[in-house]
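Structure, as structure tokens:
The values are calculated or read from the model by the stated rules, or taken from the named source; none is laboratory data. Nothing here was measured: the structure is a model prediction, and the numbers come from that model. Because the Cβ atoms are built from the backbone with ideal geometry, glycine has one as well, and the counts that use them run over all protein chains shown. Note: accessible area is taken over every heavy atom of the protein model, side chains too, but ligands, DNA and RNA are not part of it. Shrake-Rupley method; radii C 1.70, N 1.55, O 1.52, S 1.80 Å.
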Amino acid sequence: GTPWKNRGSEFYSILNMIDPMKFSSYAAYLRRWVTYYAQGNQWKEGGIRDIPAFKEYIRDIAIRREVDEVFKEMPEVNRTIFTCDLDEFARQQYESEISEFVRKQNQRIIDGTDDTGSMDAVGDLNRVRHIVALNKIPVTVEWVREFYENADDKIVVFVHHIDVGQILYETLKKDFPDVPILQITGSMSAEEKFNAQTKFNDTKKCFMVASTLAAGEGLNLQTCCTAIMHERQWNPANEDQAAPGRFRRIGQTRNMNIVFITAKNTTDDF
């Protein structure tokens with residue numbers, strides 16, 4: 001499993017449940033095992049400090065094996081950046097939001113409240129990302145069309161925003177009436193996700209639109225080897241959990257291809 005994706009402190013709760021004597025204090029765990037680094041005038045939390053010592057400390061309760069160690073013949077993962085341009089109207093929308101973000105950020109600096117990790121700043125950037133995602137939909141649909149015409153196979157398109165996923169889902173249903181179109185969203189129950197997974201794996205040719213976060217854990221999609229990352233994540237670990245994470249499983253026999261639909265000169269580039 002994946003015990004943590006981002007900050008070293010996320011590992012504590014699992015370790016505390018497994019061995020509450022060795023990991024009895026959250027504060028002591030942070031002081032001893034978690035790294036911090038300076039970012040501007042603030043300290044940010046990082047990963048694990050002194051990894052060899054930490055590995056030795058938890059060797060009786062935790063074991064880690066990378067996929068390549070367990071399955072030495074696991075097929076390779078190919079990642080491709082597919083670049084596209086925003087149309088003129090979308091570019092105007094994007095530049096307007098960027099200008100507004102810069103204005104607000106400059107005001108935060110003047111006010112002494114600058115924190116690029118704040119929810120306000122993240123919300124502003126998310127609006128920019130949303131504009132990009134909505135305007136890349138025709139590009140992704142066209143990429144799926146070429147796949148449909150050249151491969152008798154299945155594909156998963158990963159998205160972040162609910163409306164982006166719904167538009168893609170409805171568009172694919174309309175444009176490809178002879179292909180089963182499946183969907184995994186954050187609002188689905190575990191049983192519904194499992195049923196979607198089962199139908200996907202049992203169907204030779206079908207398409208799936210899936211939430212990167214909702215489908216990033218607990219699913220096995222190794223009957224598929226092609227994925228599109230339509231929207232980028234702030235945390236790249238979330239992308240890897242989805243693709244290749246869902247496809248690089250026991251039973252995978254083909255090289256995996258992950259395509260990142262990337263709008264030039266936008267947040268996608270960064």
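Would you mind calculating the gained length between Glu192 and Glu149 on full extension (0.36 nm times residue separation, minus the Cα-Cα distance), in nm to one decimal?
12.5 nm
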With every protein chain kept in place and a 1.4 Å probe, the residues Met17, Met256 fall, from largest accessible area down, as Met17, Met256
Cα-Cα longer than 23 Å, checked against Lys44/Lys264; Lys72/Lys193; Lys55/Lys193; Lys173/Lys264; Lys22/Lys55; Lys205/Lys264, kept in input order, equals Lys44/Lys264; Lys72/Lys193; Lys55/Lys193; Lys173/Lys264; Lys205/Lys264
Among Ala196, Val141, Thr83, the residue whose Cα sits farthest towards the positive end of the charge dipole of the chain, when +1 is placed on the Cβ of each Lys and Arg and -1 on the Cβ of each Asp and Glu, is Ala196
In whole angstrom, largest first, the equivalent ellipsoid semi-axes that the Cα gyration tensor gives for region 116-206 are 28, 18, 10
Note on the chain: helices (DSSP H) long enough, at least 30 Å by alpha carbon along their axis, and hydrophobic enough, mean Kyte-Doolittle at least -1.0, are 119-150
Cα-based Debye curve of region 22-69 sampled at q = 0.20, 0.29 Å⁻¹ gives log₁₀ I(q)/I(0) of -0.80, -1.13
For region 208-270, whose charge dipole is built from +1 on Lys and Arg Cβ atoms and -1 on Asp and Glu Cβ atoms, the candidate among Asn238, Thr253, Gly216 with its Cα farthest towards the positive end is Thr253
As a percent rounded to 5, the proportion of antiparallel DSSP bridges among beta bridges in the chain is 15
Here the averaged projected area of the chain, based on the convex hull of its alpha-carbon atoms and given in nm², is 17.1
In deg cm²/dmol, rounded to the nearest 500, the helical mean residue ellipticity at 222 nm of the chain, built from -39500 (n - 2.57) for every DSSP H run of length 4 or more, is -13500 deg cm²/dmol
Sorting Ile162, Ile58 on solvent-accessible surface, 1.4 Å probe, most exposed first, gives Ile162, Ile58
With all protein chains present, the chain has a carbon and sulfur share of its accessible area (1.4 Å probe) in percent of 52
Of Met229, Met188, ordered by accessible area with the largest first and a 1.4 Å probe, the sequence is Met188, Met229
Reported to the nearest 10 Å², Asp50 has, with a 1.4 Å probe, an accessible area equal to 90
One finds, for Arg249 and Ser13 with R0 = 22 angstrom and r their Cβ-Cβ distance, a FRET efficiency to the nearest 0.05 of 0.30
The chain, Gaussian network, Cα under 10 Å: of Ala242, Ala28, Ala133, the residue fluctuating most is Ala28
Taking R0 as 45 Å and r as the Cβ-Cβ distance between Leu134 and Ala38, the FRET efficiency 1/(1 + (r/R0)^6), rounded to the nearest 0.05, comes to 0.75
For the pair Glu69 and Thr2, the simple spin-label estimate (label points 7 Å beyond Cα toward Cβ) gives in nm 1.9
Taking a straight Cα-to-Cα line shorter than 16 Å from Lys5, and setting aside same-chain aspartates and glutamates fewer than 8 residues away, one finds Glu45, Glu66, Glu217, Glu239, Asp240
Per residue, the convex hull enclosing the Cα atoms of region 40-105 spans a volume in Å³ of 201
Taking every alpha carbon pair in region 1-113 and sorting the distances into 10 angstrom bins from 0 up to the bin holding the longest one, the percent per bin comes out as 10, 25, 19, 23, 19, 4, 0
For the chain, dividing by residue count, accessible area per residue (probe 1.4 Å) in Å² works out to 57
For Lys154, counting only aspartates and glutamates whose alpha-carbon sits under 17 Å away and dropping same-chain residues fewer than eight positions off, the answer is Glu142, Glu146, Asp175, Asp178, Asp202
Filtered hits (aspartates and glutamates, Cα-Cα < 13 Å from Lys199, offset >= 8 within chain) -> Glu191
